[in-house]
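One structure is given here, and the rest of the page talks about it.
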Amino acid sequence: MSGFTVFKKKSIILTLLLCASILFLTGCWDRTEVNDLALIMATGIDKGKNHSIELSVQVFIPRPAEGGQQSGMSSGTSSGQTFVRSAEGKTIADAMARLQEELTRKIFWGQNEVLVIGEKLAKEGVSDQIDFWVRHSEPRIRADVFVSKGKAKQILESMPELERDIAKQLRQMVKTQIGVKVTVKSLAQMLSSESEAAVLPWVEELPPTHLGSYKKKIPFVNGVAVLKGDKMVGRLDDKATRGILWPRNEMDSGVITISFKNEPGYISLNLLRSHNQLVPSIKKGKWKMLVKTDAGLDVIQNTTNLNLMKTENIKEAEYRAIQAIEKREQLAFLEVQKKLNADIFGFAEAFQREYPEVWKTKKNEWNKIFQEVVISFNTNVQIEKTGLASGNRKRGEIK
C-alpha cells in the first residue's frame, strides 16, 4: 500500500471523528431562554376562602437589553417589569398549579428571595406550608421569611422607596436594620427544636401620617412576630425586639445612648462586638438561667461635660451601658416569658445539653417550667475607643 493511500485513509478517519464530535459539542440545545420564563421574586401566602390557601407572587418579566437579544439565565443585565398575580388552591401545590395555568410563561422559582406569611394564616399555623417549602425542589430554602400585618398579598402590592422591587426592599431592611433575619431553613429548624418556638420579622405598611403627600403604600419592618409551636401567639415592638437579640447571640450592630444623674447631655456608644452565653443550672428543684454578655463599645458622640480620658468617667459610662443592656433584656423576657410563654431564646436546648437525664423526665412539663425559670444577668462592657472628643466644651468646664 502506497504512502498516499495510507494518508488518504487516515484523513477520512480523522474527518469522520471530527464530524462525530460535533454531535457532542452542540452547546445548551435544551436550555430554557430567560425570556420564556416568569421569574418569581417574592411570594405571599394567605388564608383563602373555604379553608383554601391563597398564593400570591411577584413576577418579574425580563426584557432583552438594548443592543441585542440576551439569552440564557446567566446572560448580562436585562430590564423588565413586575406585577402581582394570585391563585387559590386546597394546598400550596394546588395553588401553584392553578397559578401556572394563568401565566403564558413557565414559572421559575429559583430567584424567589422572600416569603411573606399573612397574619391570619400565621395564627392558624404555618408548619404545613414551611414543610412543603423545604421539600419542594424549586423554591429557595434560604429565602427570607416575614409575617405581615393583614394580608401578605397587600405587602407584595406595595411600592418600594429605593429598591427596584419589594423583595429587594424587604431583604435590605433585615440586612441593614437592627432586627432578626430568618430564612425558610432556619425557621424549619426552630420549629423542630426542643423549644418549638420561633420569631419572624413583622412587616406592615407605613402609616399615612408618615407619608405626607406620598399616597403609595410603603412596607417597613417593625419588630417581630412570636410563634409557639407553629402558631403566632403575639408580637414584640422594635424596642422589645432589641432585647431578645442579646440572649439569642444575634446582636451584631447597634447604638446605645446613655445619660448620667445630675449631668446634662448624652453619650452614644457604637457596638463593636458582642458575645452571649446561656448558662443553665438546676439546684434544689429550681431552674435558673444566667445570661452572660460580653460587649465592646466605642464612643461616637459625647454631649456631656465629662472627660472620657478619666478612668472614673469611663467606669461610670460602662456601668450605665450595662444598665441599658440589661433593661432591654428584662423588658424582652417580661413579654416573652411571662405573657407569651414562648421559649424563643433556646433555653430548652441549653438545659437539654447540660442536664440530659433530667430533661428526659421533665420535657413534657417545659411549658410550665419555662415561665418559672429564674433569670439573672452577668454583663461585662468595655469601652475600647473614646475618640478625640473629651466632652462638650461649649457647655463650660470639662469634668
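The values are calculated or read from the model by the stated rules, or taken from the named source; none is laboratory data. In this text the structure is predicted, and so the values were computed from the model without any measurement. No Cβ is skipped: glycine too gets one built from the backbone with ideal geometry, and neighbour counts run over all protein chains shown.
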Report task. Hey, can you tell me all the residues within region 349-361 that are over 12 Å from Glu194 (Cα atoms) and surrounded by 13 or more Cβ atoms within 10 Å (Cβ to Cβ)? Result -> Glu354, Tyr355, Val358
Report task. May I ask you to list the residues in region 64-91 that are in a strand (DSSP E or B) and at pLDDT 90 or above? Result -> Val84, Arg85, Ser86, Ala87, Glu88, Gly89
Query - Selection status of Lys217, in a loop (DSSP other than H, G, I, E, B), surrounded by fewer than 19 Cβ atoms within 10 Å (Cβ to Cβ) and modelled with pLDDT under 90 - result: yes
Requested in this report: Could you tell me whether Asn270 is within 21 Å of Lys181 (Cα to Cα) and either free of Cβ contacts under 8 Å to residues at least 40 places away in the same chain or aromatic (Phe, Trp, Tyr) (or both)?
Outcome: yes
Query raised in the report: Any chance region 376-384 includes a residue that's of a type in the set (Phe, Trp, Tyr) and either under 26 Å from the mean Cα position of the chain (by Cα) or assigned to a helix (DSSP H, G or I) (or both)?
Result: no
Requested in this report: For Leu334, work out the one condition from (1) surrounded by fewer than 18 Cβ atoms within 10 Å (Cβ to Cβ); (2) within 30 Å of Glu196 (Cβ to Cβ); (3) modelled with pLDDT of 95 or more it doesn't fulfil.
Outcome: (3)
Query raised in the report: What about Glu119, is it among the acidic types (Asp, Glu), at pLDDT 90 or above and over 27 Å from Lys175 (Cβ atoms)?
Result: no
Query - Unmet requirement for Ser186, which otherwise passes all of (1) at pLDDT 90 or above; (2) among the small types (Gly, Ala, Ser); (3) in contact with a helix residue (DSSP H, G or I) (Cβ under 9 Å, 6 or more places away or on another chain) - result: (3)
